[in-house]
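**Student:** The structure is given below, and queries will be raised subsequently.
The values are calculated or read from the model by the stated rules, or taken from the named source; none is laboratory data. Computed from a prediction, not measured in an experiment: that's the story for all the values here. When we count neighbours, we look across all protein chains shown, and the Cβ atoms used for this are built from the backbone with ideal geometry, even at glycine. To get the accessible areas, we keep the full protein, side chains included, count just its heavy atoms, and leave off ligands, DNA and RNA. Shrake-Rupley method; radii C 1.70, N 1.55, O 1.52, S 1.80 Å.
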Amino acid sequence: MTTAHLAGSRPLTGLRVVDFGQFIAAPGAGQNLADLGADVVKVEPPAGDQARRVGTFGMAMVRANNRAKRSLAIDLRAPGSGEIIADLIATADVLLHNFRPGVVDRLGLDAATLTARHPRLVYGFVSGFGSRGPSAAQAGLDIAAQAEFAVMDLTGEADRDPQRVGFAVTDVLAAQALTSGVLAALLARSADGRGRVVETSLMEAVVHAQAPQWTEHGMTGRAPRRRGNGQALAAPAADLIRTRDGGALVISAYTVEKFAALCEVIGRPGLASDDRFSSNSARVAHRDELLAILHATLGRLDRAGALERLRSAGIVCGAVRSFDEITTDPDLLASGLIADCRGPEGTDGRYSAPTTPFSLDGHRLSTSAPAPDTGEHTGRILAELGRDETEIRELIARGVVAGAAPGAPSELSATLTKEIA
């Protein structure tokens, strides 16, 4: 597969997205649209997206979710800012936000107001708990959604405290849900010319991802319970085996055929007809005994050797690998998923980040512009909206927007001088 990008070939080229998002959920959706070719204007306060002020943890969010966007730094509460934002939205095809409940109404950026004014606008937003229930006014963050909607309850060992998933899973799922909704709305608009309001929440995204558990609960009347590794209703399934070299692997071989193949691999073919293990339900009931046998056999091998034997027999298995290991994975590198983010010649801060998790006709980005500095494109965007240099200088001086006037040093934007000079 080629990962070269042909200029102008991306499906959203020519569309503009105004992205008011902060942290992950809304910016992640904006990032997806940027990777598909949209001009995404990141609107952020003069001090920047809140994530910019949370050290490495926050800057990683910014760099990962704002590549190739343009930054307009503006104080939405300052006199004169409303006219700028209104002019910007008038040029937009899509608006995204994850404002706290009530903020959009105070700013005049609510869906009813903007879609009445701009019937073609696709208006997308993400909240913590949806806008229709009793928690509509409650702010939501990833960890709250993981706690409130059973993710933590299902994660971890049965006899230990609940655990969070090791990354912001509800934020990421919500970003993907919002992206899907926006793309559907754009497709519908191409047929009838009318925009749509796209709404999702951390709650909806993470419950949707648990559809099998939801259905299992409905089928059995029993709530799924955390059990660490291993599927509750199948064995061996997602069970962890430690190997002699200190490594670990997971294995799933719960069908009749695969379990028989596993028994051959470990040199115990008779286990397939053993009453304790001859059916899936029996193996679930005797999981501890089965795992003891697998540890005693596969555990004598090193990780690579055990995986080779299992894979040669067609058994589903996987090495438990660290982040250091996956960054050099040949399959991952061959996929073209990881884009090289490069700033202007002579600048530092080069980094890599995953781009779209799919390709189109074998193509996707192999390089990407990095995330912008706060206000890096303020001058250019204002000029596009019809503001001249004198007015831009005045807006900066009044603190309505953030950037650097020609000849004035600023940590917010090293490039703004060139943009408006």
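**Student:** Mind sorting out which of (1) 105, 51, 38; (2) 83, 44, 39; (3) 85, 51, 42 is the real Cα extents along the principal axes in Å computed from the coordinates?
**Tutor:** Only one listed value fits the structure, namely (3).
**Student:** Which of these, T390, T155, T220, has the largest mean-square fluctuation under a Gaussian network model of the chain (Cα springs below 10 Å)?
**Tutor:** Most flexible of the set in this elastic network: T220.
**Student:** Can you work out the Karplus-derived ³J(HN,Hα) for every residue in the range 296-309? Use 6.51 cos²θ - 1.76 cosθ + 1.60 with θ = phi - 60°, whole Hz, and x for glycine or proline.
**Tutor:** 6, 9, 5, x, 7, 9, 7, 4, 4, x, 5, 4, 4, 5
**Student:** Using a cut-off of 14 Å between beta-carbons, work out the net charge of the residues near F57 (Lys and Arg +1, Asp and Glu -1, F57 not included).
**Tutor:** Spelling it out: positives minus negatives among the neighbours equals 0.
**Student:** Also, quick follow-up: Roughly what angle does helix 55-65 make with the longest principal axis of the chain, taking Cα atoms, 0 to 90 degrees, to the nearest 10?
**Tutor:** Here the helix axis deviates by roughly 80 degrees.
**Student:** Taking +1 at the Cβ of each Lys and Arg and -1 at the Cβ of each Asp and Glu, which of A369, T356, A402 sits farthest along the dipole of the range 321-405 towards its positive end, judged by Cα position relative to the Cα centre?
**Tutor:** A402
**Student:** So how tilted is helix 211-220 from the main axis of the chain? Cα-based, degrees 0 to 90, rounded to 10.
**Tutor:** Relative to the chain, helix 211-220 is tipped by roughly 50 degrees.
**Student:** Looking at the chain, what % of its DSSP beta bridges pair antiparallel, to the nearest 5? Display every interim value, and only then the final one.
**Tutor:** Numbers: 15 of 37 bridges.
Of the beta bridges lying entirely in the chain, close to 40 percent run antiparallel.
**Student:** Something else about it: How about the range 103-202: which GluC sites (Glu not before Pro) there are in a DSSP loop, with at most 13 other Cβ atoms within 10 Å of their Cβ? Spell out each step's value before the answer.
**Tutor:** Details: sites: E148, E157, E199; in loops: E157.
When the GluC sites (Glu not before Pro) of the range 103-202 are filtered for loop state and at most 13 Cβ neighbours within 10 Å, E157 remain.
**Student:** Sticking with this one: Would you look at the GNM of the chain, springs on alpha carbons closer than 10 Å, and say which of T374, T91, T113 moves the most?
**Tutor:** T113
**Student:** Which one of L178, L186, L240 has the biggest mean-square fluctuation once the chain is modelled by GNM with Cα springs under 10 Å?
**Tutor:** L240
**Student:** Same structure, new question: Using a 1.4 Å probe over the heavy atoms of the protein chains, calculate the carbon and sulfur portion of the accessible area of the range 1-110 as a whole percent.
**Tutor:** Carbon with sulfur: 56 percent of the solvent-accessible area.
**Student:** Of all the stretches in the chain, which is the longest one without any exposed loop site, taking chymotrypsin sites (Phe, Trp or Tyr not before Pro) in a DSSP loop (any state but H, G, I, E, B) with at most 15 other Cβ atoms within 10 Å?
**Tutor:** Numbers: sites that count: F167, F358.
Value returned for the longest uninterrupted segment is 168-357.
**Student:** If amide H atoms are built 1.01 Å from N in the plane of the peptide, which residues on other chains or at least 5 residues away come under 5 Å of the amide H of A339?
**Tutor:** When sequence neighbours closer than 5 places are left aside, the close amide H contacts are A353, T355.
**Student:** When Lys and Arg each count +1 and Asp and Glu each count -1, what net charge do the other residues less than 15 Å away from R300, Cβ to Cβ, add up to?
**Tutor:** Within the 15 Å Cβ shell, the charges total +2.
**Student:** Suppose every Lys and Arg Cβ carries +1 and every Asp and Glu Cβ carries -1, with no other charges. What dipole size does the chain come out with about its Cα centre, to the nearest 20 debye?
**Tutor:** The dipole of the chain has a size of about 480 debye.
**Student:** Also, I was wondering about something else. Tell me the volume per residue, in Å³, of the convex hull enclosing the alpha carbons of the range 1-92.
**Tutor:** Looking at the range 1-92, the number lands at 100 Å³ per residue.
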